[in-house]
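Peer 1: Mind having a look at this structure? Questions to follow.
Read-outs throughout are calculated quantities, based only on the coordinates presented, and are distinct from any laboratory measurement. Predicted model, so just to flag it, every value in this text is computed and none were measured.
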Amino acid sequence: MSHDDPGTELRVEVWMRDAAPPADDPRTAVLDRLRELGSRGVVEDLSVRVWGEHVAAPDGEPDGTDPPARERIAAFQRWAERNGHSLEPAFYRVERSSLVSEEGTDAIRLPLQCLAVYEGDRLVGVFPCSTADGTNTVGDCLRRLETGAIAGDSTT
């Protein structure tokens, strides 16, 4: 299914490790392209959120890391499972040590940049992600947005 229905609002959440990457950083070019798509009416809403390098695994013990990021990762994982995709290798589990405990905690290492695409309130794509055919990158997401090929419940 292509995004041809003018009544369906496409919104994009950009998750990044830095609020303002340098001008020559590829992430800045992604933001510029998304803003241009917004000015053309392709993307109705664009938000940029900042997350750290790691977040406590959604199925692990909370460790004080950003709860909204944890919630998003859990939603991204549910989306990937429903659609036969994987968030790896961009998101991967690591064990983090702590100064206050001898036990390590299960965490997710986060990518430098991630795009989550929604039709209305429904998550329809997470980039990067992996499918049986390979990896769908942030660049793939931009190309699909530009051509109207963001699919309903799949990134294939």
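Peer 1: Cα extents of the stretch 10-147 along the three principal axes, largest first, in whole Å?
Peer 2: Principal extents (Cα only, largest first): 53, 35, 26 Å.
Peer 1: May I pose another question? Give the percent of DSSP beta bridges with both residues in the stretch 10-147 that are antiparallel, rounded to the nearest 5.
Peer 2: 80
Peer 1: Quick one: 3J(HN,Hα) in Hz for the stretch 133-150, Karplus 6.51/-1.76/1.60 with θ = phi - 60°, rounded, Gly and Pro as x.
Peer 2: Each residue's phi maps through the Karplus curve to give 8, x, 9, 9, 8, 4, x, 4, 4, 4, 4, 5, 4, 5, 9, x, 9, 6 Hz.
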